[in-house]
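Comments concern the structure below.
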Amino acid sequence: MLPKEFIRTVSFLVTMGGLIAFAILHGLAISEAFRPRPFPVWLTSDAMLWSATTLTGLVGGVVAVAFGVKPDTDLQGGAETKGQTAQMTRALRRMTGLDSTGEQTSNRLKDTAAMVYVCMYLIVGGFSWVAYIFAPGGVTEQTKSLALVTVGIMVAVINKFVSK
């Protein structure tokens, strides 16, 4: 069995790698929104859209869990979908150092990772929203998706804050 410190370090590096990939992919897409058209082929490929969307889900999920936003209990879909959502929520809570009640149980490494995730998400998500509104020729699907998801998460975070 591998030492816990090694597993923790590798997990942290993979976690931060996902965040860096999120920032790079979306940063490239946002910057292209302000350049002459057409978009480069690589930017509008299915692989780029899939990668950016997956990373948006990962990073957005971490941010939502870090703020204590719980998944909708009235999910569309069957028990399998709800079970997958519950599994993802548990995994994201462990990653951000929150227990099932939302109480902080983390160490400094997890605290740092969660704070970096939140800051990066707000920065990149905010720029995607600005590009979505102001880019003269429109934006790619992944930029539009990130802009809308960012607004959705912020609405949920604000709602949670106001309802306390």
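The values are calculated or read from the model by the stated rules, or taken from the named source; none is laboratory data. Not measured: the values here are computed from a predicted model. Glycine gets a Cβ as well: all are built from the backbone with ideal geometry, and neighbour counts include every protein chain shown.
What the table below lists for this structure:
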quantity	calculated
Odd one out for Gly78 among (1) under 21 Å from Ile20 (Cα atoms); (2) modelled with pLDDT under 80	(1)
Residue ID - farthest from the chain's Cα centre (by Cα), chosen from residues in region 50-71 that are at pLDDT 85 or above and surrounded by fewer than 17 Cβ atoms within 10 Å (Cβ to Cβ)	Trp50
Filtered residue count, region 94-115, keeping only those that are part of a helix (DSSP H, G or I) and either under 18 Å from Gly57 (Cβ atoms) or modelled with pLDDT under 70 (or both)	5
Region 116-153, residues that are in a helix (DSSP H, G or I) and of a type in the set (Ser, Thr, Tyr)	Tyr117, Tyr121, Ser128, Tyr132, Thr143, Ser145, Thr150
Within region 1-47, considering residues that are of a type in the set (Gly, Ala, Ser) and assigned to a loop (DSSP other than H, G, I, E, B), the one surrounded by the most Cβ atoms within 10 Å (Cβ to Cβ)	Ala33
Filter pass, Phe22 being within 17 Å of Val139 (Cβ to Cβ), touching a Leu at 6+ places or on another chain (Cβ under 8 Å) and not aliphatic (A, V, I, L, M)	yes
